[in-house]
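A short worksheet on the structure shown next.
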Amino acid sequence: MFRRHAHPGEEAWLRAHLPGYRARLAADPVTALLVRAALGTSWIADFICPTSCAGESFEASVARVRAAGAEVAHADLRVSLRGPLPAALERDDLPERATALLTYVWEETVRPYWERRRRVLEADMVARTTRVSQGGWAAVLDELRPGTRWLGESRFQVNLHAYPPREIAAGAELLFMPVTPKTGWVSWEGRERYAVVYPCLGVLAEDHDHRPVPAGLGALIGPARARLLVLLGTPLSTTQLVAVTGQGLGSVGRHLRVLLDAGLVGRRRAGRSVLYERTTAGEVLVEASGAGTGHQEQEPGSRPEPASHRPGASSGRRKGTR
């Protein structure tokens, strides 16, 4: 369930939590075998990774895992394994074991950092919405993840595998879900619920909360403004800056006005959004202050914080995406 397909900001999270996760599986060989079998080679066992729906809580998602039942779990595992079950998995408590492990991952490794992760995911959705206004849905779908492509005539390719096409009926739910690992998958339940899980834009999934701010730059223009100026090496909207930094909308707006008046950042319209980025003068100031040279310090009181993804989305790739 933990995979080293991470953006740079997620590496600290892996270092902090991977040893404990491995120790838990080492102490429970049956659950360890269940995880290996469920991830399969190109298909995730359906019961362990139910298709998400809009607004569903972790508790509701994991309740569906628990309610799957032994027969469903066995059948799903045979599909993911492409063959018979190992004798050790011919037991009735597999949904309960999967539920316990997912709950552990959520409570111990995801929930403590969820507010920050949610800001990153929301920022990605803002970025994708801006892209829709610039180039339409085709532009967004073509770059969601490797293998996705808009084919025209209401057809959307979700991966590179030659599976038969599926018709999405009127009224069915199609959910696009960002996650922070550098991977993705597709999922569906019956003909009423579909999900396309895709990686966040790299610039948003990085560890922005604790990206070092040059001490000299912070002393010169203030730490909050310095942080925005460092982030604006990549164009971002006000909404994205609020989501990524956790600062209030009013504070971000005031700081941007000061940076604009000083000629350190510029702005341009992209569809319905206004994007801000450093000007040449801003680049010179950031470089002169030591950014990118290794002479950096964190803001007072900051500590490393990992980035991750939504519980239930941590179990790997699903539905023929490898």
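The values are calculated or read from the model by the stated rules, or taken from the named source; none is laboratory data. Nothing here was measured: the structure is a model prediction, and the numbers come from that model. Here the Cβ is made from the backbone with ideal geometry for all residues, glycine too, and neighbour counts use every protein chain on show. All accessible areas refer to the heavy atoms of the entire protein, side chains included, with ligands and DNA or RNA removed. Shrake-Rupley method; radii C 1.70, N 1.55, O 1.52, S 1.80 Å.
What ³J(HN,Hα) values, in whole Hz, does the Karplus curve 6.51 cos²θ - 1.76 cosθ + 1.60 give for the range 84-90 when θ = phi - 60°, with x put for Gly and Pro?
The phi angles translate into x, 6, x, 4, 5, 9, 7 Hz.
DSSP loop (so not H, G, I, E, B), at most 11 other Cβ within 10 Å: list which trypsin sites (Lys or Arg not before Pro) in the range 22-89 pass both filters.
Here the sparse-neighbourhood loop sites are R82.
Out of residues 5 or more away from V265 or on other chains, whose amide H comes under 5 Å of its own, with H placed 1.01 Å from N in the peptide plane?
L260, T279
Considering only protein heavy atoms, with the full assembly of protein chains and a 1.4 angstrom probe, order T234, T109 by accessible area, largest first.
The ranking, largest first, comes out as T234, T109.
Give, to the nearest whole percent, the P(r) tail of the range 1-142 beyond 19 angstrom, counting all Cα pairs.
Pairs farther apart than 19 Å: 61 percent.
Taking amide hydrogens as modeled 1.01 Å from N in the peptide plane, which residues meet the under 5 Å criterion relative to F156, leaving out close sequence neighbours?
Long-range HN contacts for F156: L151.
Set the Förster distance to 30 Å, then compute FRET efficiency between A32 and T129 from the Cβ-Cβ distance, nearest 0.05.
0.15
At T234 and R268, where each label point lies 7 Å from the Cα along Cα→Cβ, what is the point-to-point distance in nanometres?
If labels sit at T234 and R268, their model points lie 1.7 nm apart.
Please identify the GluC sites (Glu not before Pro) of the range 157-202 that satisfy two criteria: DSSP loop assignment and at most 15 other Cβ atoms within 10 Å. Which are they?
E167, E192
Would you grab the residues whose amide H sits under 5 Å from the one on F176? Only those 5+ places off in sequence or on another chain, please, with H modelled 1.01 Å from N.
V196
May I ask you to evaluate 6.51 cos²θ - 1.76 cosθ + 1.60, the Karplus curve with θ = phi - 60°, for each residue of the range 253-265 and list the ³J(HN,Hα) values in order in whole Hz, giving x for glycine and proline?
Taking θ as phi minus 60°, the curve returns x, 5, 5, 5, 4, 5, 5, 5, 4, 7, x, 8, 9 Hz for the range 253-265.
Kindly sort T31, T280, T239 by accessible area of their heavy atoms, largest first, with the probe set to 1.4 Å.
T280, T239, T31
Per residue, what volume in Å³ does the convex hull of the Cα atoms of the range 126-269 enclose?
So the per-residue hull volume is 134 Å³.
Using every pair of alpha-carbon atoms in the range 32-87, split the distances into 5 Å bins beginning at 0 and state the percent of pairs per bin, rounded to integers.
The percentages, shortest bin first, are 4, 21, 28, 22, 15, 8, 2, 0.
Report the normalised scattering of the range 134-200 as log10 I(q)/I(0) at q = 0.21, 0.25 Å⁻¹, calculated by the Debye formula with identical scatterers on the alpha carbons.
-0.97, -1.32
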